[in-house]
Amino acid sequence: LSQLPGWSVRPDGSIVIATGNDDALGLYRCTPYNSYGTAGESRPTRVLLKDPPAFTVRPKEEYFQEVGRELVIPCAAHGDPPPTVTWLKVGSVGKSSAQVDGNSSLVLHPLIKEQHGVWECTATNQVASVTTATSVHVLGTSPHAVTNVSVLPLLLAANISWEPGFDGGYFQRFSVWYTPLARYPPRAHHDWVSLSVPAGAQHLLVENLQPDTTYQFSVLAQNKLGSGPFSQIVTSVPRGFPVTTVPPEPPAMTVHVFLSPPRALTANETVRGVLLRWEPPARASVALSGYALELRQDKGGWEVLERSIPGTDTQVLVPGLIKVRSGRVLVRVRARCGHRGSRPRVPQDAFYEFRLVAFAGSYISDPSNTVNVSTAGMEVYPSRTQLPELLPQPVLAGVIGGICFLSVAVIFSTTAACIMNRRRAARVRKRRQGTGRGAGG
């Protein structure tokens, strides 16, 4: 075998002949053996050379013929053994109505629209099969369906494109049909909308579509003989406006503010008033803004006496306290108005409580310790407190002045009225006296 080019033996004992020619003709036997010997030769096999099919007559690439007439397409082949020639329309379903004559030619009579397309001629024998193809164009018919319909979804629109089918021998136009997909299956039908395509165009932009809605699209071809079949229906969903995704806000950081109350609040009596002293808060995680002083009398409600004590101060002077809620005011009012029969109320001792709070911005600390102050044995100071039972000195002076002015005005008005009445009575008497004298004379 090594002397024959292209000949070789496989590991399983098969012989391979790369090129078949006259050298390969003959009888062949195979003898297996091993270290123990052989069991004998195989039966002989004969190698024969046969010719595959070859076309002697090929059809043309294309044929054009009017509908209803006869079209004969030749096809012939030879081989050893002689091949069998068959015809088949590409894409057809089931048996074709075409006929084949004795010369293996395709006979289409009468020619119909459905026979338009690609036909294949196949020659087959025991050696091989060979195929050739031709295109048949049937003239004088309505257009064929378009193919390769595609839809490109756009913003509230869709771009539809396609490949035209055979025009039937006449100029053809296209129209695009579309409809939203029915949302409710029991609905019997839904309306289709058609849009004309400019002449010669193979695409169309369909606008004013609803976003995120499924649409069906189909293309229809027409010529002067009528309309062709609709294309395959293609489904698409136009895009809506992009939704701007707002990134989530980072979680708010919890800031723990430590602001302890003022410490060691004390009260000392001085000739000028009560002096309060304290120490700053032990813990303050933010800058201290100031202090506020609160006061209550005789276990009443707490009220702010001073709210703007600087944060750098550690003491404040309360310049005045009173012994009774309204006795002193009442005494002053009566004394200035001159009512001798009234008796001033005896001053009574009052009990005051003070406390302090610190604040830093909008943060307020807990109150400090409470200090107690009693007016027992104290000289009465002009009060500056804001308790509702007490009146500040400017207001008190205004009240007293108004009452006195009103009293003077009443007295003056009464005196003037009395004088006017006396003068009027005197004039009346004079008139009467004059009238009596005149009558006597």
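The values are calculated or read from the model by the stated rules, or taken from the named source; none is laboratory data. Just so it is clear, the structure is predicted and the values come from calculations on it, not from any experiment. Note that each Cβ is placed from the backbone with ideal geometry, even for glycine, and that neighbours are counted across all protein chains shown. Only protein heavy atoms, including side chains, enter the accessible area calculation; ligands, DNA and RNA are left aside. Shrake-Rupley method; radii C 1.70, N 1.55, O 1.52, S 1.80 Å.
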Would you confirm, using the coordinates I've provided, whether ARG437 is more than 24 Å from ALA292 (Cβ to Cβ), part of a helix (DSSP H, G or I) and modelled with pLDDT of 65 or more? no
Tell me, please, whether a residue that is outside any loop (DSSP other than H, G, I, E, B), open to solvent by less than 40 Å² (accessible area, probe 1.4 Å) and out of contact with any helix residue (DSSP H, G or I) (no Cβ under 7 Å at 6 or more places or on another chain) can be found in the range 93-105. no
Note on the range 60-92: residues open to solvent by 100 Å² or more (accessible area, probe 1.4 Å) and assigned to a loop (DSSP other than H, G, I, E, B) are LYS60, GLU61, ARG69, PRO82
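Under the condition of being in a loop (DSSP other than H, G, I, E, B) and touching a Lys or Arg at 6+ places or on another chain (Cβ under 7 Å), which residue from the range 27-48 is most open to solvent (accessible area, probe 1.4 Å)?
Filtering the range 27-48 for residues in a loop (DSSP other than H, G, I, E, B) gives 29-32, 35-36, 39-44, 48.
Of the ones still in play, those that are also touching a Lys or Arg at 6+ places or on another chain (Cβ under 7 Å) are 41-42, 44.
Details: GLU41: 125, SER42: 51, PRO44: 72 Å².
So, considering only residues that are in a loop (DSSP other than H, G, I, E, B) and touching a Lys or Arg at 6+ places or on another chain (Cβ under 7 Å), the one most open to solvent (accessible area, probe 1.4 Å) is GLU41.
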Filter result for VAL57 (in contact with an Asp or Glu (Cβ under 7 Å, 6 or more places away or on another chain), surrounded by fewer than 16 Cβ atoms within 10 Å (Cβ to Cβ) and closer than 17 Å to TRP119 by Cα): no
Unmet requirement for ARG29, which otherwise passes all of (1) more than 30 Å from LEU108 (Cβ to Cβ); (2) of a type in the set (Lys, Arg); (3) in contact with a strand residue (DSSP E or B) (Cβ under 7 Å, 6 or more places away or on another chain): (3)
For residues in the range 266-284 being within 26 Å of ILE364 (Cβ to Cβ) and among the basic types (Lys, Arg), which is most open to solvent (accessible area, probe 1.4 Å)? ARG283
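In the range 141-151, is there at least one residue being in contact with a Gly (Cβ under 9 Å, 6 or more places away or on another chain) and farther than 26 Å from GLU66 by Cα?
First, pick out the residues of the range 141-151 that are in contact with a Gly (Cβ under 9 Å, 6 or more places away or on another chain): 141-147.
Remaining after also requiring farther than 26 Å from GLU66 by Cα: none.
No, there is no match, as no residue in the range 141-151 is in contact with a Gly (Cβ under 9 Å, 6 or more places away or on another chain) and farther than 26 Å from GLU66 by Cα.
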So, in the range 285-304, how many residues would count as being surrounded by fewer than 17 Cβ atoms within 10 Å (Cβ to Cβ), among the aliphatic types (A, V, I, L, M) and within 49 Å of the chain's Cα centre (by Cα)? 2
Considering ASP12, ASP23, ASP51, which residue is in a loop (DSSP other than H, G, I, E, B) and open to solvent by 100 Å² or more (accessible area, probe 1.4 Å)? ASP12
